[in-house]
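Below is one structure, written out as structure tokens, with a few remarks after it.
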Amino acid sequence: MTTVLFYLFALLAVASAILMVTRRNIIHSAVFLITTLLATAGIFLQLEAEFLFVVQIILYVGGIMVLFVFVIMLVNLDVSLHLIQFNRQKYVAGVLAFVLTAQLLVAFWVGRGSLNLGEARAMDPKNTEAVGQALFQRYMLPFEIASILLLVAMIGAVVMAKRRV
Amino acid sequence: MPGASVLPMPIDNYLLLSLALFSIGVVGVLTRRNVIVMLMSIELILNAVNINLVAFSRYWGSVDGQIFAIFIITDAAAEAAVALGIILAFFRNRETVLADEMDMLKW
Amino acid sequence: MSNTRTNEGSSINTTVLGADEIILNMGPQHPSTHGVLRVKLKLDGERVVGSECIIGYLHRGVEKIAEHRSYQQFAPYVDRMDYVAAVSNGLGYCEAIEKLLGAEAPPRARVVRTILTELQRIASHLLWLGTHALDIGALTPVFYCFREREEILKIFEKYCGARLTTHAFRIGGLQYETYDGFEQDVKRFCEDFDKKVDEYETLLTENRIWVGRTKGVGILSAEDAIALAVTGPVLRASGIKWDIRKAAPYAAYDQYEFDIPTRPTGDTYDRYVVRMEEMRQSRRICLQAIENIPAGPIMARIGKVLKPPPGEVYHAIEAPKGELGYYVVSDGTTQPYRVRVRPPSFINLQAFDKMAQGSLVADVVAIIGTIDIVLGEVDR
Amino acid sequence: MSHLIPPSIQPYVLPVLFGVVIVAVLPLLAGYIVLLERKVMADMQARLGPMRVGPHGLLQPIADALKLLIKEDIIPVKADVFLFWFAPVLSVTTALLAYAAIPFGPAFQIADLNVGLLFILAISSLGIYGIVLGGWASNSHYSLLGALRSAAQLVSYETAAGLALVSALMLAGSLSMKDIVQAQYDQGVWFIFVVPVGFFIYLVGSIAETNRAPFDLPEAESELVAGYMTEYSGFRWALYFLGEYANMVVVASIATTLFLGGWLRPFARYQDHLFGTSVELLDIVPTILFLGTAVYCFWLAPKQPVQIQKIVMALVGGLCLILALGMAGALFAPDAVRMGVHGAFWFLAKVFAYIYAFLWIRFTFPRYRFDQLMRLGWHFLIPLALVNVVVVGTTIVLQQNWEWRHPMLSALVTTAIMLGVAAFLGREDKQHQAAVEVPEP
């Protein structure tokens, strides 16, 4: 069952990721990115990371992507639909991306044998509590730093979006 | 939950999925002209990383990887907010969201 | 959008748009433009940076029709201008022609005219209140308002057989004698009505959201109001005490005591308060008038065929929406040479641009509502 | 019966059954909420409301649904066809998906998730796409403005509503919907009495989230015609409507579960028995209510003007009678069944009470303006919700560590402090308003 779910979600994620990159209409791109993110959330669930599943949906899909869609609507340009969607160095870029992918695949293939991960261990069934404990005890300082980062980003966004500073 | 003790499938599958998403994201960033699509491709790359982290976290039976994934999502939120702010400001002045038209160092 | 004529000097320029600006066409089919008004808004986000009222969708050439009808024949047409205050329209027209003839309606007719006109004022204000509240999102007051308006329309129906376009008055007086029980009907309505107004006020006057939506919205200063020739409650809400019923009394208004409510600021809330108070004052006039309707004839002796001497006359009354004027030119025949109407809605609508500058889309709706326009009168 | 089903799919049977029941019943329920709304509105506005289809308009929802089904489906020429088709579907799907974690009774739940509440919040936060994409795809200015308003509004009020829920969560100590109700049973008090301010914030936030008046700006008919739904007609429009009402039930269910004790009966700990039988005294209330309704229907039936209406009225009475018998029968059934049936009754009763509050507010207040709505959200509700979390958290710690034992006392203190804060924030709001006011000439 879980295997089937994984392949389902993986297929959905990859297919909509490809569609996202190739679509002409930005809002369609955004919709396909949302689909990818939801499929990823499904994979998180399949990996028993319930809390992250919820965070992915609330924050990524319900928050960040709404922001994207909002901005796309604000800058909605029918003109851009008829323009060339890919830039001048697309062939060079494509080759480079292909080379990078190939490198990673090779690294993956070579490292496959040598990587010794040891035995897989069971997950704490109370995922939310475990994440909470870790977040507020072991990772307290990074957590606070992240909150400062968000504050800074917020101020930055407000300043950027303001008409006259 | 049944089967909670072992990883449901070899970790390779997750890594390959992550690799595929990452590559697609890289292609998107490098080839598209529209800045918003480029940003979305970056989100895709971050997402691919998250899959890796969570898969390993599940493998080790520890939540540390998930914590990192949460931090990455936080970071993505901050990045999106600032970047979209910049895009809006730019659009207001130049009325374009195409990367190769953003070639003036001032406006 | 491209082939519309644009007024000279309007603040909107549809060809040059900023990056954030869009053009929004409100109407002519829109739930809150009170008919077929079309408002072209230039928006920056939701903020109005320019506006233009495009009218004429209901133009029927009423003034031109007048030139081909006899004086009596034209009287029913005026009911179709401000169709929610038909009685007031009729009063203005009849008195204008009487002035032209040099005749005067008998005292009984004048008192009955006053009562009916004041009832019509209440009915018109009730309709305004209901729709205005509906525009701002209060769904309930409109039904209460219609409940009371129904009472008034019933009185009209009993009196002359029609509810909306009544054609209640005739040149020279009244066609019909009042029906049996007219006094009781009016009295009963007026006695209850004060409590009903209180009821509307509990729903709205101190409602936080209502106050927030209307206070400081669509401000029209006294100077602007005068410069734009605004009249009626809109003018009085800007702090100017001007009411034709007091300034140049007609019908029987000189016999009754009533106050002219004014407010200082000239915002939407003030206009609301002024109209609410006007309803109470109208009730007061009705109560005074109903106590003492003089006996006597209801029609002056003016003959069957009206042939006013050549000349011209301007007669204005205080209609529910403002100064309703008739300028009639006679060439001595049975048909008017020219009838020009000064409709209060049309003139007051000019203030829209002034009020709407810098407001939000939601305010535009409130402002259209607060001017209290009837498109039949604006377009004629 | 259970031995007939192979063990491999046994755990899925009951959830699938519940799912089918919910998906089948919900559209009907939504239709009847619309009827309820129209009837309540009519009552408040001194008129009768729908009276023609069926007795007292009881069949009106079915007629409406039929009409919408056979209406012409119009797609604007310049619309984005794919998204125009997709958006209403998304709207309904997300609304229905949220029901997966809602406990209608102790046993009547599709899945008792560990993160149940968060799951519901997450799924309902997806509903915004139905609105935003639909508004964009219509290619109309009204729709676009409605969609933009909606996006901003939902993001703002979700924050306040979410923070309000945290106060109840801290009391329950769990995210599982079932455990939250159980905690209210164990502590012997519904959380609305412990954190009334949190409930109030959630009430306001949930009205805004479901786009209901006085926060119905995305579809304000006097300004934006119908907002994001302007270009929709026929069945797509009906889907949006279904989504909206399904969402209302979702937020009402969340409020019921977190603040109003879920499926718990009022005075759930009071367990006096009826005349020595095993029946608890208060458990007969549902039976009596249904019996009363049945009698009323039978009394009304002969008074209906048309023959068919008499029959339908009698049928409704019969339905109520059957329900009353079911309720009575459940009293003597095994515990699981009794709890399930009565739990579902109380749960739905509370949900409808909450929805009634929605309707009442809708017909009483005018609509907020967009900037006022934002100011209310960001300057009043979110700070209030934040302080609420801090104060409630402090009280809980005090209770646990300093033997501050009396829960109602701490609730009183908390509420008093919160009301003070609310007054303070509200006062600031007034100052702001005063600043805009124009001086008298």
If I ask for residues that are more than 14 Å from residue D:132 (Cβ to Cβ), of a type in the set (Phe, Trp, Tyr) and over 13 Å from the mean Cα position of the chain (by Cα), which ones from region A:46-72 would you list?
A:51
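Let's see how each residue does on (1) farther than 20 Å from residue D:251 by Cα; (2) at pLDDT 85 or above; (3) assigned to a helix (DSSP H, G or I):
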{"site": "D:139", "(1), (2), (3)": "yes, no, no"}
{"site": "D:152", "(1), (2), (3)": "no, no, yes"}
{"site": "D:157", "(1), (2), (3)": "no, yes, yes"}
{"site": "D:166", "(1), (2), (3)": "no, yes, yes"}
{"site": "D:175", "(1), (2), (3)": "no, no, no"}
How many residues of region D:83-104 are within 11 Å of chain A (Cβ to nearest Cβ) and of a type outside the set (A, V, I, L, M, F, W, C)? The answer is 1
Out of the residues in region C:146-159 that are under 15 Å from residue C:85 (Cα atoms) and not charged (D, E, K, R), which is farthest from the other protein chains (Cβ to nearest Cβ)?
C:156
Would you point out the residue of region C:231-245, among those that are touching a residue at least 60 places away in the same chain (Cβ under 8 Å) and either within 14 Å of another protein chain (Cβ to nearest Cβ) or not β-branched (Val, Ile, Thr) (or both), that is surrounded by the fewest Cβ atoms within 10 Å (Cβ to Cβ)?
C:245
Since residue A:8 meets every condition but one in (1) surrounded by 21 or more Cβ atoms within 10 Å (Cβ to Cβ); (2) modelled with pLDDT of 85 or more, which condition does it not meet?
(1)
Among the residues of region A:31-75, what is the count of those that are under 20 Å from residue B:72 (Cβ atoms), in contact (Cβ under 8 Å) with a residue 40 or more places away in the chain and part of a helix (DSSP H, G or I)?
4
Which helices (runs of 4 or more DSSP H) sit wholly inside region C:267-380 and have at least 3 residues that are touching a residue at least 60 places away in the same chain (Cβ under 8 Å) and among the hydroxyl-bearing types (Ser, Thr, Tyr)?
C:268-291
So residue A:111 passes all but one of these: (1) modelled with pLDDT of 80 or more; (2) under 22 Å from residue B:13 (Cβ atoms); (3) more than 14 Å from chain D (Cβ to nearest Cβ). Which condition number does it fail?
(1)
Might you check whether a residue that is buried (at least 24 other Cβ atoms within 10 Å of the Cβ), polar (S, T, N, Q) and either closer than 28 Å to residue D:242 by Cα or over 19 Å from the mean Cα position of the chain (by Cα) (or both) occurs anywhere in region D:181-198?
yes
With respect to residue D:46, is the statement that it is on the phi > 0 side of the Ramachandran plot, of a type in the set (A, V, I, L, M, F, W, C) and in a loop (DSSP other than H, G, I, E, B) true?
yes
State yes or no: is residue C:319 of a type outside the set (Asp, Glu), more than 23 Å from residue C:169 (Cα to Cα) and within 21 Å of the chain's Cα centre (by Cα)?
no
For a quick check of your reading of the model, give me the residue pairs whose first member lies in region D:375-401 and is free of Cβ contacts under 8 Å to residues at least 24 places away in the same chain and in a helix (DSSP H, G or I), whose second is surrounded by fewer than 17 Cβ atoms within 10 Å (Cβ to Cβ) and of a type outside the set (Asp, Glu), with beta-carbon atoms closer than 6 Å and at least 6 apart or on different chains.
D:398/D:404
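Can you tell me which residue is nearest to residue C:345 (Cα to Cα) among those in region C:47-73 that are β-branched (Val, Ile, Thr) and either part of a helix (DSSP H, G or I) or without any contact (Cβ under 8 Å) to a residue 12 or more places away in the chain (or both)?
C:62
Restrict the check to region D:65-73 and report whether at least one residue is over 30 Å from residue D:310 (Cβ atoms) and outside any loop (DSSP other than H, G, I, E, B).
Within region D:65-73, the subset over 30 Å from residue D:310 (Cβ atoms) is D:71-73.
Keeping just the survivors that are outside any loop (DSSP other than H, G, I, E, B) gives none.
No.
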In the list D:17, D:59, D:28, which residue meets the criterion of being touching a residue at least 60 places away in the same chain (Cβ under 8 Å) and surrounded by 11 or more Cβ atoms within 10 Å (Cβ to Cβ)?
D:59
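Identify, please: which residue in region C:204-214 is in a loop (DSSP other than H, G, I, E, B) and either closer than 19 Å to residue D:217 by Cβ or free of Cβ contacts under 8 Å to residues at least 12 places away in the same chain (or both) and is, among those, farthest from the other protein chains (Cβ to nearest Cβ)? Let's see the steps before the verdict.
Step one: list which residues in region C:204-214 are in a loop (DSSP other than H, G, I, E, B), which gives C:205-207.
Add one more test, that the residue is either closer than 19 Å to residue D:217 by Cβ or free of Cβ contacts under 8 Å to residues at least 12 places away in the same chain (or both), and what stays is C:206-207.
Details: C:206: 12, C:207: 7 Å.
So the residue we want is C:206.
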Could you check region D:121-148 and list, in sequence order, the residues that are more than 8 Å from every other protein chain (Cβ to nearest Cβ), under 22 Å from residue D:202 (Cα atoms) and not aliphatic (A, V, I, L, M)?
D:124, D:127
Among D:323, D:331, D:359, which is modelled with pLDDT of 80 or more and under 21 Å from residue D:285 (Cα atoms)?
D:323
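Restricting to region D:66-85, give me the number of residues that are of a type in the set (A, V, I, L, M, F, W, C) and crowded, with 19+ Cβ neighbours inside 10 Å. Steps first, please.
The initial filter retains those residues of region D:66-85 that are of a type in the set (A, V, I, L, M, F, W, C), namely D:66, D:68-70, D:74-75, D:77, D:79, D:81-85.
Still in the running and crowded, with 19+ Cβ neighbours inside 10 Å: D:79, D:83-84.
Residues flagged as of a type in the set (A, V, I, L, M, F, W, C) and crowded, with 19+ Cβ neighbours inside 10 Å within region D:66-85 amount to 3.
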Subset of region B:13-46 (residues that are more than 7 Å from chain A (Cβ to nearest Cβ) and free of Cβ contacts under 8 Å to residues at least 12 places away in the same chain):
B:16
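Run down A:26, A:43 and say which single residue is crowded, with 24+ Cβ neighbours inside 10 Å and over 14 Å from the mean Cα position of the chain (by Cα). Break it down into steps so the answer makes sense when it comes.
Numbers: A:43 fails: over 14 Å from the mean Cα position of the chain (by Cα).
Result of the check over A:26, A:43: A:26.
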Just a yes or no: is a residue in region A:144-165 part of a loop (DSSP other than H, G, I, E, B) and at pLDDT 85 or above?
no
I need the full set of residues from region A:133-151 which are surrounded by 14 or more Cβ atoms within 10 Å (Cβ to Cβ) and not hydrophobic (A, V, I, L, M, F, W, C), in order please.
A:133, A:139, A:142
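Which of the following residues is part of a helix (DSSP H, G or I), facing another protein chain (nearest Cβ under 7 Å), surrounded by fewer than 20 Cβ atoms within 10 Å (Cβ to Cβ) and not acidic (Asp, Glu): B:71, B:90? Write out each step before concluding.
Values: B:90 fails: facing another protein chain (nearest Cβ under 7 Å).
That would be B:71, the only listed residue that is part of a helix (DSSP H, G or I), facing another protein chain (nearest Cβ under 7 Å), surrounded by fewer than 20 Cβ atoms within 10 Å (Cβ to Cβ) and not acidic (Asp, Glu).
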Looking at (1) in contact with a helix residue (DSSP H, G or I) (Cβ under 6 Å, 6 or more places away or on another chain); (2) within 12 Å of chain D (Cβ to nearest Cβ); (3) at pLDDT below 85, can you tell me which one residue A:44 breaks?
(3)
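The values are calculated or read from the model by the stated rules, or taken from the named source; none is laboratory data. Keep in mind that this is a model prediction, so the values were computed, not measured. Because the Cβ atoms are built from the backbone with ideal geometry, glycine has one as well, and the counts that use them run over all protein chains shown.
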